[in-house]
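Inspection log for the structure reproduced underneath, given as structure tokens.
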Amino acid sequence: MKKILYIDNMPEPNGCTLYRNIIPAEGLETLGWQINFLPIRPDRFDFDIVNFSRMYQLTGIKKIIEMLKEKSDVKITFDTDDLIDHIAPDNPFQSEYNKKELIGGYHYLIDNADLVTVTTEYLKNEVAKRRNKPIVVVPNSVREFTMRDGKEKKVRICYTGSSSHYLDFNFFLDIILELQKKYDFEFISQGMGIDEQFEKAYKYFPAVMKPYFECKEKLLKVKNYKRQENVHCFEYQETLRKMDVTIGVCPLHDDKFTKCKSAIKYYDWASVGTVTLAQDCVVYQDCNYTAKKYSEWKNKLERLIIDAPFRNEVLVGQMNYVYNKRCIDQVKYKWDEVFSELHV
């Protein structure tokens with residue numbers, strides 16, 4: 001039996017842990033792999049592959065990798081779903097993560113892992129500028145398809161995102177405010193909104209706070225607005241279903257870091273029966289309904305609001321694609337192929 005140990009970079013699982021460790025592990029387990037997560041007893045250390053994810057302090061991770069290489073024949077894999085060394089100044093995490101030790105750990109794993117796995121072809125090409133050893137694309141996947149009720153009385157639009165997306169949120173709120181002059185619909189933001197703790201934490205970072213304060217001003221003008229608080233990653237899928245959203249939106253501004261993201265928001269919306277309007281960019285190239293500039297976003301969102309048959313037609317195409325191409329029941333075979341070849 002092939003054995004793999006996942007060593008996450010966080011003591012508490014987050015979204016990256018779910019999509020890049022837990023869901024793939026569940027898929028591999030159905031194909032006969034023995035799955036393990038830390039903590040593990042030292043006398044039980046008998047693995048073919050040890051998988052690391054995202055970022056670790058250089059000093060600590062270097063010692064661990066050297067110890068593993070010295071005491072076993074285990075293969076080291078490193079998975080990254082972001083271009084960690086190119087976080088933009090407007091991203092609040094830049095102030096936390098752009099540290100010498102963390103970036104050093106990220107580069108060390110890219111340089112020294114036997115295999116690096118990434119989410120997209122674009123991210124692969126960026127990582128390849130540093131690494132000339134194997135890099136394989138294994139896309140993000142969803143765990144299940146369970147449909148929402150679909151009982152909303154008004155069209156309900158939702159933007160879901162973390163505090164690193166106020167620049168995108170700010171752009172989209174202008175469209176919401178303009179369309180609400182003509183149409184009566186509900187708007188939900190999930191995971192972000194007016195946030196006093198955020199204001200206190202990043203008040204000394206003007207590049208971060210500028211889009212936040214602009215969002216704050218606009219949110220006070222939005223009608224039929226509700227904020228859904230951020231939830232644990234294990235509760236996220238159920239939260240999407242319970243919100244019973246008609247239209248999910250995925251705007252995304254253009255920089256090197258955002259270009260390396262995956263289309264997981266689109267996959268999640270499709271898996272609960274919500275139609276997606278996404279940014280026309282390399283990230284959402286597999287989405288069948290996208291917009292690039294403001295006027296196109298406004299016009300395409302307006303059509304989804306007023307044309308229910310068209311909305312359903314777009315949704316069916318999206319659900320078929322995600323179910324057949326981005327469900328773990330399909331993607332697990334790619335994970336198995338990649339890890340099995342390394343194991344041989």
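The values are calculated or read from the model by the stated rules, or taken from the named source; none is laboratory data. The model shown is predicted, which means the values in this text are computed figures rather than measured ones. Positions of Cβ are backbone-derived with ideal geometry, glycine not excepted, and every protein chain shown enters the neighbour counts.
Looking only at segment 133-159, how many residues end up being within 10 Å of ASP244 (Cα to Cα) and in a strand (DSSP E or B)?
Qualifying residue count, segment 133-159: 3.
Being buried (at least 19 other Cβ atoms within 10 Å of the Cβ) and more than 19 Å from ILE84 (Cα to Cα) is the filter here, so list the residues in segment 126-144 that pass it.
SER141, VAL142
Matching residues to (1) more than 18 Å from LYS223 (Cα to Cα); (2) in the same structural domain as VAL208 (by TED's automatic domain parsing); (3) hydroxyl-bearing (Ser, Thr, Tyr); (4) exposed (fewer than 14 other Cβ atoms within 10 Å of the Cβ):
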position	(1), (2), (3), (4)
THR146	yes, no, yes, yes
ASP149	yes, no, no, yes
TYR166	yes, yes, yes, no
PHE169	no, yes, no, no
PHE172	no, yes, no, no
ILE175	no, yes, no, no
LEU179	no, yes, no, no
LYS182	no, yes, no, yes
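Yes/no per residue for (1) free of Cβ contacts under 8 Å to residues at least 60 places away in the same chain; (2) hydrophobic (A, V, I, L, M, F, W, C):
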{"residue": "PRO92", "(1), (2)": "no, no"}
{"residue": "ILE103", "(1), (2)": "yes, yes"}
{"residue": "HIS107", "(1), (2)": "yes, no"}
{"residue": "VAL116", "(1), (2)": "yes, yes"}
{"residue": "TYR122", "(1), (2)": "no, no"}
{"residue": "VAL137", "(1), (2)": "yes, yes"}
{"residue": "SER141", "(1), (2)": "no, no"}
{"residue": "MET147", "(1), (2)": "no, yes"}
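Before we move on, is SER162 in contact with a Phe, Trp or Tyr (Cβ under 9 Å, 6 or more places away or on another chain), surrounded by fewer than 21 Cβ atoms within 10 Å (Cβ to Cβ), not charged (D, E, K, R) and not assigned by TED's automatic domain parsing to the domain that holds ASP336? It would help to see each step written out before you state the result.
On the way: in contact with a Phe, Trp or Tyr (Cβ under 9 Å, 6 or more places away or on another chain): yes; surrounded by fewer than 21 Cβ atoms within 10 Å (Cβ to Cβ): yes; not charged (D, E, K, R): yes; not assigned by TED's automatic domain parsing to the domain that holds ASP336: yes.
Criteria met by SER162.
Filter segment 149-176 for residues that are basic (Lys, Arg) and touching a residue at least 24 places away in the same chain (Cβ under 8 Å); which is nearest to PRO92 (Cα to Cα)?
Within segment 149-176, the match that is nearest to PRO92 (Cα to Cα) is ARG156.
In segment 162-213, what count of residues is obtained for those that are among the acidic types (Asp, Glu) and over 19 Å from LEU301 (Cα atoms)?
3
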